[in-house]
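The structure appears below as structure tokens.
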Amino acid sequence: MLSYLVSVLGSFTALQLAIAIPAARGAQRWRAIFAAGAAMGGGAIWAMHFIAMLACQMQIPVTYDLSITIASAVIAIVSCMAGLAIASAGVFGWSKLIVAGIFMGLGVTGMHYSGMAAMRMPADIHYDTTLVLASGAIAIVASIVALWLAFNLRGWLQMLGSALVMGVAVCGMHYTGMLAASFTPNQAGAAALAGGISGANLGMGIFAVTTALLATVLILSMLRQRQRAMVQI
């Protein structure tokens, strides 16, 4: 449930920030793309993944490689930024939206499986190919939906409803990917955990920091929108 709530918060924040992209130009446009991409990729997807991993009862100790974990965040944020940049360039259209959604969806899938590759444990991971492909398909569809919503919705109630749906889609991709994985214990022992970060510490740390950052950004964004509306009046 925590992973879903974080995904909804990240999605709602990203949708709020994406409002500024179509009208922005130059450096301002790229700042808006980065902010929305970071909220979606870093909050709704990356943070959700590592919080959700706390729900996976492994029955064996697990730590996470810091460099691969950071790389997975970069993959998520950059892919979401690229999707937003492609979809918002020029006249908005379905062909452009689909291309952007595929690019973003593959990035989201890459984030999930690189996040899985960051796991250090005395076990080997094996994947069901069909379910891996299904998780990728869910990620692409979710990305197309997210991009369409980002450039076609304005009211906060519509955005909230869309964020609730996006949370279901992102969690659906993650847990389908987890269903695809099976773990076989090996003989690596405690040596496999060396140099990694505790999964519990990582997950709860990401939850606390991400929730605080997303809430702050969301509040500031909504205040700016209200100020602009008052000036126009």
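The values are calculated or read from the model by the stated rules, or taken from the named source; none is laboratory data. If you're wondering where the values come from, they're calculated on a predicted model, not measured in any experiment. So basically every Cβ, Gly included, is an ideal-geometry build from the backbone, and we count neighbours across all protein chains shown. For accessibility, only protein heavy atoms count, side chains too; no ligands or nucleic acids. Shrake-Rupley method; radii C 1.70, N 1.55, O 1.52, S 1.80 Å.
Over the chain, average the accessible area per residue using a 1.4 Å probe and give it in Å², no decimals. Using a 1.4 Å probe on heavy atoms only, each residue of the chain averages 48 Å².
For segment 111-195, the share of accessible area belonging to carbon and sulfur comes to 70 percent (1.4 Å probe, ligands and nucleic acids excluded). Membrane-span-like helices in the chain, defined purely by DSSP H runs whose alpha carbon atoms cover 20 Å or more axially and whose average Kyte-Doolittle hydropathy reaches 1.6, are 66-88, 129-152. Under the rule a/c < 1.5 gives rounded, and otherwise a/b versus b/c splits prolate from oblate, where does segment 95-208 land using the Cα gyration tensor? Prolate shape, in that a/c is at least 1.5 and a/b is the bigger ratio. Have a look at 167, 205, 41 and tell me which one the Gaussian network model of the chain (Cα, springs below 10 Å) gives the largest fluctuation. Greatest mean-square fluctuation among the candidates belongs to 205.
Normalising the average separation of contacting C-alpha pairs (under 8 angstrom, six or more residues apart) by the number of residues puts the relative contact order of the chain at 30 percent. Close amide H partners of residue 123, meaning residues 5 or more places away or on another chain with modelled amide H under 5 Å apart, are 186. When exposed loop sites are taken as trypsin sites (Lys or Arg not before Pro) in a DSSP loop with at most 11 other Cβ atoms within 10 Å, the longest stretch of the chain clear of them is 26-153. Overall shape: oblate for segment 1-84, with the ratio a/c of the largest to smallest alpha carbon gyration tensor axis at 1.5 or above and b/c at least equal to a/b. Extents of segment 32-177, largest first, come to 51, 29, 27 Å (Cα atoms, principal axes, whole angstrom).
Rounded, prolate or oblate: which fits segment 63-112 when a ≥ b ≥ c are the square roots of the eigenvalues of the alpha-carbon gyration tensor, with rounded for a/c under 1.5 and prolate only if a/b beats b/c? It is prolate, given that a/c is not under 1.5 and a/b is the larger ratio.
Estimated at 0.36 nm per residue, the fully extended path between residue 58 and residue 131 surpasses their Cα-Cα distance by 24.3 nm. Taking a Cβ cut-off of under 14 Å around residue 62, the surrounding Lys, Arg, Asp and Glu residues balance to a net charge of -1, with basic ones at +1 and acidic ones at -1. How high is the relative contact order of segment 132-202, in percent, with contacts defined as C-alpha pairs under 8 Å that are six or more residues apart? It comes to 44 percent, rounded to a whole number.
Each Cα pair under 8 Å and six or more residues apart adds its sequence gap; the mean of these over the residue count of segment 47-140 is a relative contact order of 39 percent.
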